[in-house]
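Data block below; observations after.
The numbers here are math on the coordinates, done by the rules we state, and not lab data. All figures in this text were calculated on a predicted structure; none of them were measured in a lab. Ideal geometry is used to build each Cβ from the backbone, glycine not excepted, and the neighbour counts take in all protein chains shown.
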There are 2 protein chains.
Amino acid sequence: MTMSAPDPFAVWLPLARAHKTILTAVEAALKQAGLRGLDWYDLLWELECAGDAGLRPYELQEKLLLPQYGVSRLADRLAKAGYLTRQDCSGDGRGQVLLLTPEGARIRAQMWEVYAAAMEPAISSNLSTGEARRLSELLGKLLRPAPADKI
Amino acid sequence: MTMSAPDPFAVWLPLARAHKTILTAVEAALKQAGLRGLDWYDLLWELECAGDAGLRPYELQEKLLLPQYGVSRLADRLAKAGYLTRQDCSGDGRGQVLLLTPEGARIRAQMWEVYAAAMEPAISSNLSTGEARRLSELLGKLLRPAPADKI
DNA sequence: TGAATGTCAATGCACTTGCATCTAAATTTC
DNA sequence: GAAATTTAGATGCAAGTGCATTGACATTCA
């Protein structure tokens with residue numbers, strides 16, 4: 001005897017639209033600055049957080065919600081650009097460890113400037129501090145795992 | 001003399017993550033049902049809303065936030081699948097009007113079942129009615145145009 | 001009216017993505 | 001400890017995307 005559930009599309013439609021709008025704006029800003037897309041940024045950022053330990057591709061896969069081949073190829077491109085190195089993984093002959101290069105760190109910092117500058121007008125200028133807090137809190141609730149009987 | 005603006009990333013990061021999570025779930029459900037992706041659905045839906053008047057490609061471009069060539073090619077695929085027809089546009093020799101076929105309407109209804117079923121556990125089960133209302137309201141605020149000096 | 005400019009839509013090409021499959025190494029099972 | 005299974009990661013191929021350009025018609029303006 002629970003109350004009727006809310007209409008999911010009342011949430012999803014503006015969510016999808018806001019996402020596409022903001023994403024498009026950020027990607028355009030990056031491109032205009034001669035930089036690569038957010039997928040590159042996200043990977044570089046994770047590697048930077050990982051520090052000297054680096055990250056295994058399968059770890060990135062989880063963190064970035066990318067398919068396995070997505071990480072494999074994205075890492076290829078980053079490696080070709082000189083932003084990361086692949087290192088044989090001691091202890092697991094199948095695996096490898098991805099490590100950020102100094103050049104990779106440099107470019108990530110550069111991207112960050114553009115990223116943050118593009119985000120500000122898209123988000124901050126439309127919300128008060130309280131609204132932003134409440135919004136991120138509510139969005140966080142969407143990230144809870146689906147009910148077991150639906151997986 | 002305004003207060004300091006909120007951190008946009010506190011909103012953007014969970015927003016992007018929630019979006020990717022939900023999108024992935026819905027697309028997977030559609031694929032598993034042997035249906036095409038949400039891009040097809042969105043186009044079909046707009047055509048259905050437009051009724052007998054149909055829609056011009058450039059109108060879809062605005063509604064769906066797609067690039068011009070994106071609409072052109074998506075419409076190609078839908079047409080090849082028999083879900084829409086292109087009709088010469090009386091009054092503008094450059095243009096055309098896209099019209100939903102009965103088969104297109106049928107398939108859209110079929111997709112809707114899957115779409116809605118996948119959305120429910122992803123969203124409704126994580127939010128109360130009040131939370132959902134507040135969330136869609138806050139997301140709506142993000143859709144306001146950027147300040148003029150930032151365009 | 002005729003040339004310049006603007007708008008609607010398609011497309012060639014390079015790059016990216018999705019899917020299925022493959023190899024190699026690790027782990028489990030008997 | 002050899003065979004079967006699982007896991008890490010790469011890759012061939014088909015399909016989709018982004019960018020720049022083109023072609024066709026419309027509109028503007030001298």
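Annotations for the structure displayed:
- With the helix formula -39500 (n - 2.57) applied to DSSP H stretches of n ≥ 4, chain A reaches a computed 222 nm mean residue ellipticity of -20500 deg cm²/dmol.
- In degrees, nearest ten, helix A:68-80 long axis to first principal axis of chain A (Cα): 50 degrees
- Sorted from nearest, the other copies put their B:E59 label points 5.3 nm away, the label point being 7 Å from Cα in the direction of Cβ.
- Relative contact order of chain B, taken over Cα pairs closer than 8 Å and 6 or more residues apart, is 23 percent.
- Within-14-Å neighbourhood charge of B:D76 [Cβ basis; K, R +1; D, E -1]: +4
- Whole-Å distance, taken between Cα centres, linking segment B:46-86 and segment A:23-38: 27 Å
- Loop-located trypsin sites (Lys or Arg not before Pro) in segment A:65-109 (DSSP state not H, G, I, E or B) with no more than 15 neighbouring Cβ atoms inside 10 Å: A:R94.
- A simple spin-label model places the labels of B:D52 and B:E137 4.1 nm from each other, with each point 7 Å out along Cα-to-Cβ.
- Cβ nearest the rotation axis (B onto A), residue from chain B and distance to the nearest whole Å: B:H19, 2
- Straightening the chain between B:T129 and B:E27 buys 34.2 nm, computed as 0.36 nm per residue apart minus the Cα-Cα spacing.
- Counting from the shortest, the label point at A:E113, 7 Å from Cα toward Cβ, is 5.5 nm from the same position in each remaining copy.
- Principal-axis analysis of the Cα atoms of chain B puts helix B:38-50 at an angle of about 70° to the longest axis.
- Rg/Rh for chain B, where both radii come from Cα atoms and Rh is the Kirkwood radius: 1.04
- Here the translational diffusion coefficient of segment B:38-125 follows from Stokes-Einstein with Rh set to the Kirkwood radius across Cα pairs; for 37 °C and 0.692 mPa s it amounts to 243 µm²/s.
- Each other residue within a Cβ distance under 15 Å of B:A105 adds +1 if Lys or Arg and -1 if Asp or Glu, for a net charge of -3.
- Once the Cα atoms are used to define both axes, helix B:102-123 deviates from the longest principal axis of chain B by about 10 degrees.
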